[in-house]
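Let me begin by presenting the structure, written as structure tokens, before commenting on it.
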Amino acid sequence: MAFSPNKFITEKTKELQQKIGNQKALIATSGGVDSMTCAMLAKKALGNNIVILFLDDGLMREGEPDEIRKFFIGVGITPEIWDVKDAFFEALKGKVDPEEKRFAFRDTFYRTLGQAVRSYSVDFLIQGTIAADIVETQKGIKTQHNVLSQIGLNPANFGLKIVEPLRELYKHQVREVAKKLGLPNRFAERKPFPGPGLATRIIGEVVPDKVEKIRKATKIVEDTIRGASVFQVLAVLLSDKATGIVNGKRMLGDIIAIRAVESKDALTASPCRIPWATLFKARDRILKEVPGVVKVVYDITPKPPSTIEYI
Ligand code: XMP
């Protein structure tokens, strides 16, 4: 049977009201379609009994805190924005192993959320886990940070009671629900972005100046490489250096990989056949606007064997 976003919204609204009633819930939003949809669903179901929190962890896309603030104020909610950059960079310091980095992110994320739950005296945490997160965690492909029970974390240890209203949906269905809930296209059609943010797009240690570079490159590839067939587009900062020539002199500089994939549900993916002219545009802007880059490559690997993100 075809998916009906209206029916889904009616059912989930009722379910949230039954589960949470007059108690308070917190929704941590990253600006991504899943968490924004959860926030709108919670607003519809619970009215003023919600706290919208944005953790400014320093690993988000350009301009994110302002976008979020503006949007929610426009729909009548003042979001809480916590500057927690230092805590995240401290946790990631010195870590180069992908799993250690994911663990450091996850641990800091849930510890901080636990603090928020206590400080706002909320009873529930509403999370935007979707079906693909669950399937991939079950298969052990990624220790997705947002499927706590599956990765052996007990939400109670973080002081959290968790509700996941989108857990049966795939990304394209979430987008349909998002639009019905009134989210503008800039959120509803936004490219997926992982919870650990730009940390998944830096090979090796995650430090603020590398994040700044990859944040700029991310904006450039998202601006230039568009189109209905692009499920996700990303830029990755590799850990090695390459030889370049700058102002006639040899110099060792950074290597950035561009990855653009077609996919329906993120479980499998294939590289997009981007026109050279578009790739060249992205390359030129990266070389000009991201300091220290001497090489830009395009990743042609499908998933599997590669995953979409690099860590
Ligand atoms: P991978 O890299 O596993 O990504 O092929 C599949 C999809 O999931 C996103 N992704 C994540 N999402 N937490 C998330 O919420 C994470 O830890 C995470 N890691 C990857 C990725 O961007 C892609 O859309």
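Values for this structure:
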item: Every residue from the range 172-186 that is buried (at least 20 other Cβ atoms within 10 Å of the Cβ) and either more than 14 Å from C38 (Cβ to Cβ) or within 16 Å of the ligand (Cβ to nearest atom) (or both); result: V174, R175, A178
item: Close pairs from the range 160-181: first in the same structural domain as V75 (by TED's automatic domain parsing) and part of a helix (DSSP H, G or I), partner buried (at least 19 other Cβ atoms within 10 Å of the Cβ) and among the polar types (S, T, N, Q), Cβ under 6 Å, at least 6 apart; result: V174/T37; V177/T37; A178/T37
item: Residue within the range 245-263 that is within 26 Å of the chain's Cα centre (by Cα) and not in a strand (DSSP E or B) present; result: yes
item: Positions within the range 291-311 being in a loop (DSSP other than H, G, I, E, B) and away from the ligand (no atom under 16 Å from the Cβ), in sequence order; result: P291, G292
item: Subset tally (residues that are among the basic types (K, R) and either over 23 Å from V174 (Cα atoms) or more than 15 Å from the ligand (Cβ to nearest atom) (or both)) for the range 260-280; result: 1
item: Qualifying residue in the range 17-32 (condition: buried (at least 18 other Cβ atoms within 10 Å of the Cβ), of a type in the set (A, V, I, L, M, F, W, C), modelled with pLDDT of 95 or more and under 25 Å from E189 (Cα atoms)); result: yes
item: Of the criteria (1) in a helix (DSSP H, G or I); (2) within 19 Å of the chain's Cα centre (by Cα), which one L267 fails; result: (1)
item: Given (1) assigned to a loop (DSSP other than H, G, I, E, B); (2) within 18 Å of the chain's Cα centre (by Cα); (3) over 28 Å from T10 (Cβ atoms), index of the condition R190 fails; result: (3)
item: Single residue of K288, K219, K210 found to be outside any loop (DSSP other than H, G, I, E, B) and more than 22 Å from D57 (Cβ to Cβ); result: K288
item: Filtered residue count, the range 232-266, keeping only those that are of a type in the set (A, V, I, L, M), out of contact with any Ser or Thr (no Cβ under 7 Å at 6 or more places or on another chain) and surrounded by fewer than 16 Cβ atoms within 10 Å (Cβ to Cβ); result: 4
item: Residues of the range 78-130 satisfying the condition of being within 17 Å of G204 (Cβ to Cβ) and of a type in the set (V, I, T); result: V96
item: Wholly within the range 19-97, helices (runs of 4 or more DSSP H) carrying at least 2 residues that are in contact with a Leu (Cβ under 7 Å, 6 or more places away or on another chain); result: 33-46
item: Residue match in the range 102-122 (condition: within 10 Å of the ligand (Cβ to nearest atom) and of a type in the set (K, R)); result: yes
item: Which listed residue is surrounded by 23 or more Cβ atoms within 10 Å (Cβ to Cβ), at pLDDT 90 or above and among the β-branched types (V, I, T), from I203, I214; result: I214
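The values are calculated or read from the model by the stated rules, or taken from the named source; none is laboratory data. Keep in mind that what you see is a predicted model, and the values were worked out from it rather than measured. Cβ coordinates were reconstructed from backbone atoms using ideal geometry, including for glycine residues, and neighbour counts include every protein chain displayed.
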